[in-house]
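Shown next, in structure tokens, is the structure this report addresses.
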2 protein chains.
Amino acid sequence: MTGRFFHGANAALFTDLYQLTMAQAYLEAGHAGPACFDLFARELPPERGFLVACGQIEALEYLEQLRFSGEDIDYLRSLGKFSDTLLDWLREFRFSGRVRAVPEGRIVFAEEPILSVEAPAPEAQIVETWLLNQVHMQTVLASKAVRVVRAAGESPVLDFGLRRIPGADAGLKAARAYHVAGVAATSNVLAGRVYGVPVAGTMAHSFIQSFDDEREAFRAFADSFPDTILLVDTYDTLRGVDRVVELSRDLGEAFRVSGIRLDSGDLGELARESRRRLNAAGLQSVRIYASGGLDEYSIAELVRAGAPIDGYGVGTAMGVSDDAPFLDVAYKLSAYDGKPRMKLSTGKRSLPGAKQVFRETEGGRLKRDVIAGADEDLAGEPLLKTVMEDGRGLAEPDLDAARERCRRDWDALPEGLQALKAPQRGYPVALSEALSQRMETLRRELES
Amino acid sequence: MTGRFFHGANAALFTDLYQLTMAQAYLEAGHAGPACFDLFARELPPERGFLVACGQIEALEYLEQLRFSGEDIDYLRSLGKFSDTLLDWLREFRFSGRVRAVPEGRIVFAEEPILSVEAPAPEAQIVETWLLNQVHMQTVLASKAVRVVRAAGESPVLDFGLRRIPGADAGLKAARAYHVAGVAATSNVLAGRVYGVPVAGTMAHSFIQSFDDEREAFRAFADSFPDTILLVDTYDTLRGVDRVVELSRDLGEAFRVSGIRLDSGDLGELARESRRRLNAAGLQSVRIYASGGLDEYSIAELVRAGAPIDGYGVGTAMGVSDDAPFLDVAYKLSAYDGKPRMKLSTGKRSLPGAKQVFRETEGGRLKRDVIAGADEDLAGEPLLKTVMEDGRGLAEPDLDAARERCRRDWDALPEGLQALKAPQRGYPVALSEALSQRMETLRRELES
């Protein structure tokens, strides 16, 4: 656990100020009864037909460890906004609630709770910012990465995005979300250490450029790492390939270079010509990797064109989820003091009461989901599991199991939803009759 | 400094694996001479006419503190890739280089170095990932935020983005970049503590919903925070406004509510009608804040339409820089062992040798920039300053000074570049004659 961030004092103030003002007002109004909050995506971006839920189990660690230090309290006092009622409460704070969650790696749709928190209102309130931040980030990244992984078919996808994934925390956890989504390895060394995921990487242009001659650079690198992958596009890609061939002649049996990497130009064309030259030199075993501004669309194009590429390095497009960089996730009060609650704000409906999602399948494929009250027992598989009771986690993150769930769920998607472009929207997510009635009753009450 | 991340062991492994393989190969090839690397944006996204350089001075702290712990070394050894040559070198690692940088908050253009690192090749190499990650992230965010700030004119912009800014590190540092860009306050409490920037925030829908009645909720909140801003759109915005008016009647002289917040619907129309109702009740002093999916374009529209809005809360669009979520930043070797270097990869030119940028102005406006060799002395203001010598920082970040630089530079932009939509590209950035000649000579050498 030592590689993760926000242990101790730092985590506590990672929150929106209004969480703390609300906590104080709940406490001062004697209004600290049990609340239920649901974390869900209101709707999906046009480029997404489904989401891969990710981050919610890791976030339990935050709930277990959240404490406000003396320095945190001093800072809050210095703002001149808060009463001793709040500050004393924060000093003793321990999260005591119950959490239900969809297992990481499962595919979910709009309005389906990914996480559901039941706790006294001020407790459930102040954890909102962290939970949203973390589940949003990892769900955005896993939902993008699974598209890239599937576009590449049998070829492995390597994550090269660390330099442009925003900040250190997302940089680390992206590799986690990618592993869940099926990415083969990451360039991120810290992720290897913290999460035990495979790491990969060999060389950049700078190494080549620092030598007067590309041949010299290849030779020096292969001396240090005999089975390396050589980057061939620093000056002229095909000349670079020829130099790899020369190196194989120079080294003879000692030649063990395992691959070349193309990082610019027309990757499909260059891969074909590189393959031809390598094969002509008897280097059939040298694999070809491609990188450089790739995303799921360009990879699908290369695959469709039959480009002889054995693996794809993907960076920025996956790292910022460039075509859908955010999700409309929300964390909404659905019950207080045993009574279902909802808001009526224009375009932002919320579903009242604690809920469960039942997933029906047919012939191994997803058929429809039904969002129901948590107290209902309908046909299909219930997606939300209890993962925390009385503030103690019952589930440890298991990245390999999550990866397997993601693989299985994707395979079971209706074909239209597997499409990269214009994924078929409208996977049927129904509301149970009881939930619909509850909404109707509540709406009438609120509008009266 | 205690609120920042990646002190000690965690920072060191936050790198791409290939930085470490290259370091080993440099060392083993006896190729660890002085190198110069430049960090710059290759080109700007279509939605950006300029960038606000941000993060580069904060990043010096990383260079000063970077150490590899015994656990880091053990992990690297466990990968079975690295020799004792590298591992012993990492154990003793201290960054010993020189850094020049553009001051934070300055406006820069494509190809202009934001940061320039001179150090032995393996040292300069292994810090690439962190430097790119941090400067990219803060520059993306500051460059977006300045657009939002300027669109809002005299009205303050409040940062509400923490929940959807990817991860904890970007979440924190976004508030820093926003302060530089002119954002008035952030909801992010931790940023307040770490950076001393103003924090703001009052209430969310959940607080309102937890009461049976909106009136009750307003009353309870105003009891705890008399001069608060009340969120009025939970059920029906204008009815919410009427309830604020009722509250003012109930409380009489004790009524000190300072504002209302609109968070959904037609914000311009609702602001006008809210203003009318508030004024009719003698509540001219109650301000109107708007939020909910806002960006620079929708704010500019509201301002143009004369909507009576006194402040804007902006979240996700600014937090992920939705219209330009990444920059094509690079960190490229420009010299090794005293010789200028460049790559020729298709579409990715790099400028050889250590450089300086000279900015010419005319009548208080930016006229053109000239990228030159670091040894040249041309007309105009040199943008790059020495900020680190022998691994010791010479400059502490100063956020207020950076904010002032950003304000001044933006005011001095040619008008076409200040435009929100289709900002005029092609601010003239020339290469000095000496630099052009150096490139030509080098190209001929490399192509021979």
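Restricting the range B:188-210 to residues that are within 15 Å of the chain's Cα centre (by Cα) and more than 9 Å from chain A (Cβ to nearest Cβ), the residue that is surrounded by the fewest Cβ atoms within 10 Å (Cβ to Cβ) is B:195.
Total residues in the range A:188-235 satisfying the condition of being of a type in the set (Phe, Trp, Tyr) and more than 28 Å from residue B:14 (Cβ to Cβ): the figure is 2. Do you know which of the residues in the range B:153-182 that are more than 14 Å from chain A (Cβ to nearest Cβ) and crowded, with 24+ Cβ neighbours inside 10 Å is nearest to residue B:324 (Cα to Cα)? Across the range B:153-182, the extreme among qualifying residues is B:181.
Considering only the range B:232-239, I want to know if a residue exists there that is among the hydrophobic types (A, V, I, L, M, F, W, C), within 11 Å of chain A (Cβ to nearest Cβ) and touching a residue at least 40 places away in the same chain (Cβ under 8 Å). Yes.
Considering B:447, B:389, which residue is within 14 Å of chain A (Cβ to nearest Cβ), touching a residue at least 60 places away in the same chain (Cβ under 8 Å), of a type in the set (Asp, Glu) and out of contact with any Ser or Thr (no Cβ under 6 Å at 6 or more places or on another chain)?
Working: B:389 fails: within 14 Å of chain A (Cβ to nearest Cβ).
Only one candidate qualifies: B:447.
The residues on offer are A:35, A:23, A:12, and the sole one that is within 14 Å of chain B (Cβ to nearest Cβ), touching a strand residue (DSSP E or B) at 6+ places or on another chain (Cβ under 7 Å) and farther than 30 Å from residue A:410 by Cα is A:35.
Within the range B:221-231, if we keep just the residues that are outside any helix (DSSP H, G or I) and facing chain A (nearest Cβ under 8 Å), the residue that is surrounded by the fewest Cβ atoms within 10 Å (Cβ to Cβ) turns out to be B:225.
Taking into account only those residues within the range B:325-382 that are among the acidic types (Asp, Glu), out of contact with any Gly (no Cβ under 7 Å at 6 or more places or on another chain) and not in a loop (DSSP other than H, G, I, E, B), which is farthest from the other protein chains (Cβ to nearest Cβ)? Only one residue fits best here, namely B:362. Exactly one residue among A:418, A:356 is surrounded by fewer than 20 Cβ atoms within 10 Å (Cβ to Cβ) and within 25 Å of the chain's Cα centre (by Cα), and that residue is A:418. Identification of helices (runs of 4 or more DSSP H) wholly contained in the range B:134-220 with 3 or more residues that are among the charged types (D, E, K, R) yields B:167-181. Filter the range B:23-56 for residues that are aliphatic (A, V, I, L, M) and closer than 27 Å to residue B:425 by Cα and give the result. Scanning the range B:23-56 gives B:39, B:41, B:44, B:51, B:52, B:53. Kindly provide the set of residues from the range B:313-370 that are among the charged types (D, E, K, R) and within 23 Å of residue B:151 (Cβ to Cβ), ordered by number. Answer for the range B:313-370, where residues must be among the charged types (D, E, K, R) and within 23 Å of residue B:151 (Cβ to Cβ): B:322, B:323, B:365.
Of all residues in the range B:211-220, none satisfies the criterion of being modelled with pLDDT under 95 and buried (at least 22 other Cβ atoms within 10 Å of the Cβ). For the range A:80-88, the condition of being over 19 Å from residue A:119 (Cβ atoms), more than 9 Å from every other protein chain (Cβ to nearest Cβ) and aliphatic (A, V, I, L, M) holds for at least one residue. Residue-level check: of (1) facing chain A (nearest Cβ under 7 Å); (2) out of contact with any strand residue (DSSP E or B) (no Cβ under 7 Å at 6 or more places or on another chain), residue B:43 misses just (1). Every condition in (1) among the aliphatic types (A, V, I, L, M); (2) crowded, with 24+ Cβ neighbours inside 10 Å; (3) more than 30 Å from residue B:28 (Cα to Cα) is met by residue B:110 except one, and the failing one is (2). If you check A:403, A:438, A:444 for being among the basic types (Lys, Arg), closer than 30 Å to residue B:240 by Cβ and crowded, with 16+ Cβ neighbours inside 10 Å, only one passes: A:438.
The residues of the range A:306-323 that are within 14 Å of chain B (Cβ to nearest Cβ) and surrounded by fewer than 19 Cβ atoms within 10 Å (Cβ to Cβ), listed by number, are A:322, A:323. Just checking, does the range B:309-316 include any residue being in contact (Cβ under 8 Å) with a residue 60 or more places away in the chain, assigned to a loop (DSSP other than H, G, I, E, B) and within 21 Å of the chain's Cα centre (by Cα)? Yes; the residues of the range B:309-316 include at least one that is in contact (Cβ under 8 Å) with a residue 60 or more places away in the chain, assigned to a loop (DSSP other than H, G, I, E, B) and within 21 Å of the chain's Cα centre (by Cα). Restrict the check to the range A:378-399 and report whether at least one residue is closer than 22 Å to residue A:155 by Cβ and in contact with a His (Cβ under 8 Å, 6 or more places away or on another chain). Yes, because at least one residue in the range A:378-399 is closer than 22 Å to residue A:155 by Cβ and in contact with a His (Cβ under 8 Å, 6 or more places away or on another chain).
Applying a threshold of 6 Å to beta carbon distances and a minimum spacing of six or more residues, or different chains, the list of pairs starting in the range A:144-167 at a residue that is over 9 Å from residue A:182 (Cβ atoms) and in the same structural domain as residue A:308 (by TED's automatic domain parsing) and ending at one that is aromatic (Phe, Trp, Tyr) and assigned to a loop (DSSP other than H, G, I, E, B) reads A:164/B:326.
Being assigned by TED's automatic domain parsing to the domain that holds residue B:28 and either buried (at least 17 other Cβ atoms within 10 Å of the Cβ) or at pLDDT 95 or above (or both) holds for only one residue in B:92, B:64, and it is B:92. Taken over the range A:221-238, the criterion of being in contact with a His (Cβ under 9 Å, 6 or more places away or on another chain) and within 11 Å of residue A:262 (Cβ to Cβ) is satisfied by A:231, A:233. Is it true that residue A:185 is free of Cβ contacts under 8 Å to residues at least 60 places away in the same chain, aliphatic (A, V, I, L, M) and either crowded, with 23+ Cβ neighbours inside 10 Å or more than 7 Å from chain B (Cβ to nearest Cβ) (or both)? Considered against the rule, which asks whether it is free of Cβ contacts under 8 Å to residues at least 60 places away in the same chain, aliphatic (A, V, I, L, M) and either crowded, with 23+ Cβ neighbours inside 10 Å or more than 7 Å from chain B (Cβ to nearest Cβ) (or both), residue A:185 comes out as yes. The condition of being farther than 27 Å from residue B:196 by Cα, at pLDDT 95 or above and either of a type outside the set (Ser, Thr, Tyr) or in the same structural domain as residue B:103 (by TED's automatic domain parsing) (or both) holds for residue B:23.
The values are calculated or read from the model by the stated rules, or taken from the named source; none is laboratory data. Remember, it's a predicted structure, so these values are computed and weren't measured experimentally. All Cβ positions, even for glycine, are placed from backbone atoms using ideal geometry, and neighbour counts span all protein chains on display.
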